[in-house]
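Reviewing the structure listed below.
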Amino acid sequence: MERRKVFVEIYGVYKLNYATLDNHFARRVICGSCGSPFGRKVWNSTNEIHRRSVWICNKRYVVKGEKGCQNRHIDDKVLYQTFINIFNAIIENKDYFIY
Ligand SMILES: [Zn+2]
C-alpha cells in the first residue's frame, strides 16, 4: 500500500486502480522522458485494416497541433509482449528478485 501511495504521488496519477480487464497497463506505463503516464489510443480507427492500438505519452499533444513531449509511442502488442518476456524472466529468476 505504501509503495502504491508513493507511486501515485510521484507520477501524479489519479489512482492506480484505474486499470480494467481490457486495459491492464492504464496508469502503469510511465514516460521515460517527462514522467507522465502513457495512455492507450487507437490509430486509424476508421480503417479496420490499419487500425491499431498504441501507447503514447499524455504530454505528447497537450496543445492541439503542437508536439509536447518528444518521446515515441509504443505499439500495444509490443508492450504486451515485452511485459510477458520480463514477467517470464522474473519467474525464471525468482530467487534473485524475492528478498
Ligand atoms: Zn513524456
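The values are calculated or read from the model by the stated rules, or taken from the named source; none is laboratory data. This one's a predicted model, so the numbers in the text were calculated from it and none came from an experiment. Note that each Cβ is placed from the backbone with ideal geometry, even for glycine, and that neighbours are counted across all protein chains shown. Just the protein is used for accessible areas: all its heavy atoms, side chains included, with ligands, DNA and RNA removed. Shrake-Rupley method; radii C 1.70, N 1.55, O 1.52, S 1.80 Å.
For this structure, a couple of remarks:
- Positions within the stretch 48-79 being more than 16 Å from the ligand (Cβ to nearest atom) and open to solvent by 60 Å² or more (accessible area, probe 1.4 Å), in sequence order: Glu48, Ile49, His50, Arg51, Arg52, Lys64, Gly65, Lys77, Val78
- Top-ranked residue of the stretch 63-77 - restricted to ones that are assigned to a loop (DSSP other than H, G, I, E, B) and closer than 16 Å to Gly32 by Cβ, ranked as farthest from the chain's Cα centre (by Cα): Gly68
- Arg27, sole failed condition from (1) surrounded by 14 or more Cβ atoms within 10 Å (Cβ to Cβ); (2) touching a residue at least 24 places away in the same chain (Cβ under 8 Å): (2)
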